[in-house]
1. Could you tell me whether any residue of the stretch 248-266 is more than 16 Å from the ligand (Cβ to nearest atom), part of a helix (DSSP H, G or I) and not assigned by TED's automatic domain parsing to the domain that holds ARG102?
2. Can you pull out the residues in the stretch 159-207 that are farther than 25 Å from ARG247 by Cα, within 16 Å of the ligand (Cβ to nearest atom) and assigned to a loop (DSSP other than H, G, I, E, B)?
3. Say we look at the stretch 49-73 and pick out the residues that are basic (Lys, Arg) and surrounded by fewer than 21 Cβ atoms within 10 Å (Cβ to Cβ); which of these is nearest to VAL205 (Cα to Cα)?
4. Got a sec? Which of ALA335, ALA328 is within 16 Å of the ligand (Cβ to nearest atom) and crowded, with 20+ Cβ neighbours inside 10 Å?
5. How about the stretch 338-374: which of its residues are of a type in the set (D, E, K, R) and surrounded by 15 or more Cβ atoms within 10 Å (Cβ to Cβ)?
6. Give the residue that is surrounded by the fewest Cβ atoms within 10 Å (Cβ to Cβ), with candidates limited to residues of the stretch 407-458 that are over 22 Å from the mean Cα position of the chain (by Cα) and hydrophobic (A, V, I, L, M, F, W, C).
7. Of the residues SER435, SER462, SER467, only one is in the same structural domain as ALA239 (by TED's automatic domain parsing) and in contact with a strand residue (DSSP E or B) (Cβ under 6 Å, 6 or more places away or on another chain); which?
8. Which count do you get for residues in the stretch 217-237 that are within 11 Å of the ligand (Cβ to nearest atom), more than 22 Å from PHE192 (Cα to Cα) and in contact with a strand residue (DSSP E or B) (Cβ under 9 Å, 6 or more places away or on another chain)?
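The values are calculated or read from the model by the stated rules, or taken from the named source; none is laboratory data. Here the structure is a predicted model, which means the values were calculated and not measured. Positions of Cβ are generated from backbone atoms using ideal geometry, with glycine treated the same way; all protein chains shown enter the neighbour counts.
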Amino acid sequence: MHNYPNVQLFINGLWCDAIGGETLPITDPATEHTIGHAALARQPDLDLALQAADAGFKVWRETGALERSRLMRKAADLLRARSEAIAYMMTREQGKPLAQSRMEIAGAADTIDWFAEEARRTYGQVIPARLSGVQQIVVKMPVGPVAAFTPWNFPINQLVRKLSAAVCTGCSIIVKAAEETPASAAELIRAFADAGIPAGVVNLVYGVPAEISSYLVAHPIIRKISFTGSTPVGKDLAALAGKHMKRATMELGGHAPVLIFDDADIDKAIAVTALAKYRNAGQVCVAPTRFLVQEAVAERFIKGFIEAARDIKVGNGLEQDTAMGPLANGRRVSALLALVADAVSQGARLETGGHRIGHEGYFFEPTVLSQVPISARIMNEEPFGPVAIINRFTDFAEAIGEANRLPYGLAAYAFTGSAQTAYALGREMETGMLSINHNGMALAEVPFGGIKDSGYGTEGGSEAVESYLESRFITQMNG
Ligand code: NAD
């Protein structure tokens with residue numbers, strides 16, 4: 001039997017309570033019961049973390065790339081070995097089914113391994129000189145101590161990309177992970193600590209988000225920030241980073257369009273998108289959201305999708321046959337009820353779902369809305385929950401117009417049998433990621449990030465490593 005722990009801060013290689021002794025309660029979203037507490041950091045704790053990150057950086061940047069890589073691989077192996085205990089904690093605090101928690105942990109270990117390999121490939125350049133006797137080189141240096149802010153929907157996977165990129169390049173990091181899901185993030189940090197990473201290189205705090213971010217982002221020790229969360233908070237933090245001339249990576253909200261053309265394999269489109277829509281109860285920044293189906297296949301797609309939604313077994317994530325757990329917190333329940341009510345009041349058809357389930361736990365029905373007018377709030381705001389919006393289109397131009405209408409540009413999906421349509425989509429969709437005829441995003445080795453109001457920078461692939469490095473040009477004359 002696994003336990004849910006109380007969660008401490010990790011500062012300068014030590015697990016510790018907050019100096020002021022304050023804590024935050026942690027709620028199980030399936031029962032609404034308090035299951036533990038997390039330490040709440042204030043400024044004196046942050047000052048210790050900043051000193052530790054500063055000292056840790058000086059040690060870590062001088063540590064050889066091979067050794068950094070070796071320690072990271074060890075952390076990945078520890079995470080795999082501890083998967084069952086961590087999956088239990090993640091499901092308790094976040095709600096997702098155990099199988100999805102296990103997948104998240106396996107994916108995180110894979111991500112650490114990939115970045116560990118990249119640690120050995122932060123190549124610079126030699127530039128031919130104009131004069132004989134001159135050597136011109138560009139070396140890649142770690143940018144410095146990083147502050148990272150991560151949300152509750154994927155408590156480990158949102159963090160592992162930032163942590164791995166920072167650690168593989170020789171940066172130190174202070175993580176403020178989500179207060180709602182502190183234990184799984186702490187277990188990821190523990191894997192790095194137990195692998196033998198030097199004191200001060202990774203640090204973990206929890207607290208009042210705005211209090212922590214405003215202090216860390218502005219602090220001269222911090223050289224880069226990385227945030228995953230909503231667009232409004234991201235814009236505030238990006239503005240603060242700009243004011244203090246800090247590098248920033250912003251992975252923000254989305255409202256993914258899904259274009260289903262009449263030449264697509266409709267059964268496959270239903271199976272792939274229903275799975276992606278209701279995974280993690282729809283609390284996924286790249287979740288398919290605005291379905292646009294070409295007239296000739298619309299009836300068939302909607303019917304099949306509704307059946308798939310009704311087949312989903314909703315329940316406590318700890319139960320074996322649960323396919324969708326509760327929403328992660330009470331804020332999502334009220335937000336979704338309001339979005340569905342607004343859409344229906346504006347003429348949308350509620351095809352299935354739309355209600356809270358029971359009176360205990362934040363359970364919500366897998367929901368499908370159709371014929372939703374673009375004036376409805378849900379057509380413009382990220383639902384971040386298990387609601388699919390299915391509308392129709394007649395031709396390519398209309399579909400692209402609607403897909404690109406919103407200021408978001410994170411993920412997009414399309415299903416078509418035409419290579420020409422697929423090519424045109426690749427050119428015209430305003431999106432950071434486009435998945436055609438399957439769901440193939442979020443692997444360690446490929447870019448992960450958005451454009452427009454969905455943010456900037458990428459958290460996967462070689463570009464993710466680049467954003468933790470700065471180029472230093474050195475020109476040297478012989479003698
Ligand atoms: P929120 O915007 O208050 O918080 C989102 C995350 O940002 C949380 O983890 C929170 O702790 C953190 N945060 C909030 N204010 C902060 C600040 N000033 N400094 C640093 N961190 C801060 O919203 P929420 O109620 O938790 O979620 C609502 C919306 O956030 C969702 O509808 C969704 O649009 C977005 N969200 C996006 C992702 C993502 O993966 N991109 C994840 C979680 C939430």
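1. yes
2. Going through the stretch 159-207, the residues farther than 25 Å from ARG247 by Cα turn out to be 180-184, 186-187, 190-191, 193-196.
Checking which are within 16 Å of the ligand (Cβ to nearest atom) leaves us with 180-184, 186.
Residues satisfying the conditions are GLU180, THR181.
3. The first filter runs over the stretch 49-73 and keeps only residues basic (Lys, Arg), leaving 58, 61, 68, 70, 73.
Subsequent filtering for residues that are surrounded by fewer than 21 Cβ atoms within 10 Å (Cβ to Cβ) retains 58, 61, 70, 73.
Working: LYS58: 21, ARG61: 22, ARG70: 26, ARG73: 24 Å.
Among those residues, the one meeting the criterion is LYS58.
4. None of the other options fit; the residue is ALA328.
5. If the condition is that a residue be of a type in the set (D, E, K, R) and surrounded by 15 or more Cβ atoms within 10 Å (Cβ to Cβ), then ASP342, GLU351, ARG356, GLU365 are the ones that fit.
6. ALA419
7. Values: SER435 fails: in the same structural domain as ALA239 (by TED's automatic domain parsing); SER462 fails: in contact with a strand residue (DSSP E or B) (Cβ under 6 Å, 6 or more places away or on another chain).
When all the criteria are applied, what remains is SER467.
8. 7
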